[in-house]
Amino acid sequence: MSKENDQTRVELIHADDEERYLLRNPREIRQVLKQLVDARVLVSAHLSPGTESFLTAIVDVPEGEDSLLLDGSADEALNERVARAGLLTCVTQLDKVRIQFALAGHELLRPDGNPAFRSALPAQLLRLQRRDYYRLQTPASETVTCTMPLTAADGSHRSVELRILDISGSGIAIAVPPSGFALEAGARFTNCVLKLPDIAPIAATLTVKNLFRLVNRNDIEMLRAGCLLSDMPRSADDEIQRYILKVERQRNARKRGRY
């Protein structure tokens, strides 16, 4: 395996039974990338090492080549930093499906005088599709958390309260610090507690299904852990669905108020 592929695998951490979310077939990866080109979707690219990020877009996936063209920046200094970066972690959405992939080896070009980067096609691409349950991205204005018993790097055990990023009747995604805790795909945690606004705490068992790295708007790196919910009280599904519907009603009311 090449060094570039090794670097890419560092960014995409997954459980063996999550193959439906991870594409490795070059033809399928190329197809998704072409869809991003056709839809003119903006991509958030994060430089590694470092915490810098910039908005870009895939401008071409040439036929017969194992490469893509990424739009450059009007900031020449930024273009130079991108060219020197060991890895670009790219995150975007297409039809409400989250897409993430990593690029290594970025050659700065100037086709037609405009800056662009030629990179090898990613060896793998993570595509988190919609589940059977509707998934709600939790409001940043509300405190929506999950308390989990985690093992710290020093071997000690303690309960940690983590923010829930999205939720459905079958699972949640939580934000986890990228270091300091032992967390891996396939791990199972009992005695967890979900805390949703205006709802009694919900006891649950969480099974980590996939992990991948994110960089938030404040350039802080974290892990997004997608977890399956189980062993909940019988009423828990109804409570979660009521919370989801309440938030959606509030969002729709605010949208109507803007027009």
Of the GluC sites (Glu not before Pro) in region 25-75, those whose Cβ has at most 16 other Cβ within 10 Å and which sit in DSSP loop
52, 63, 65
Can you pull the percent of region 80-217's accessible area that's carbon plus sulfur, 1.4 Å probe, other chains left in place?
46 percent
Rounded, prolate or oblate for region 170-255? Axes are the square roots of the Cα gyration tensor eigenvalues, ordered a ≥ b ≥ c, and the cut-off for rounded is a/c under 1.5.
oblate
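May I ask you to compute the full-extension gain from residue 238 to residue 35, defined as 0.36 nm times their residue separation minus their alpha-carbon distance, rounded to one decimal in nm?
69.4 nm
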HN-Hα couplings for region 81-91 via Karplus (6.51, -1.76, 1.60; θ = phi - 60°), in whole Hz with x for Gly/Pro, come out as 5, 5, 4, 8, 5, x, 8, 10, 9, 9, 10
What FRET efficiency comes out for residue 22 versus residue 193 if R0 is 35 angstrom and r is the Cβ-Cβ distance? Round to the nearest 0.05.
0.70
Residues whose modelled amide H sits under 5 Å from the amide H of residue 52, counting only those 5 or more places away in sequence or on another chain, are 47
Apply the Karplus curve 6.51 cos²θ - 1.76 cosθ + 1.60, θ = phi - 60°, to the phi angles in region 221-234 and return the couplings in whole Hz, x for Gly and Pro.
7, 8, 9, 9, 10, x, 10, 8, 8, 8, 6, 8, x, 4
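The values are calculated or read from the model by the stated rules, or taken from the named source; none is laboratory data. Treat the numbers as computed from the prediction; the structure is a model and nothing was measured. A quick note on method: Cβ atoms are made from the backbone with ideal geometry, for glycine too, and the neighbour counts reach across all protein chains shown. Accessible surface areas use protein heavy atoms only, side chains included; no ligands, DNA or RNA. Shrake-Rupley method; radii C 1.70, N 1.55, O 1.52, S 1.80 Å.
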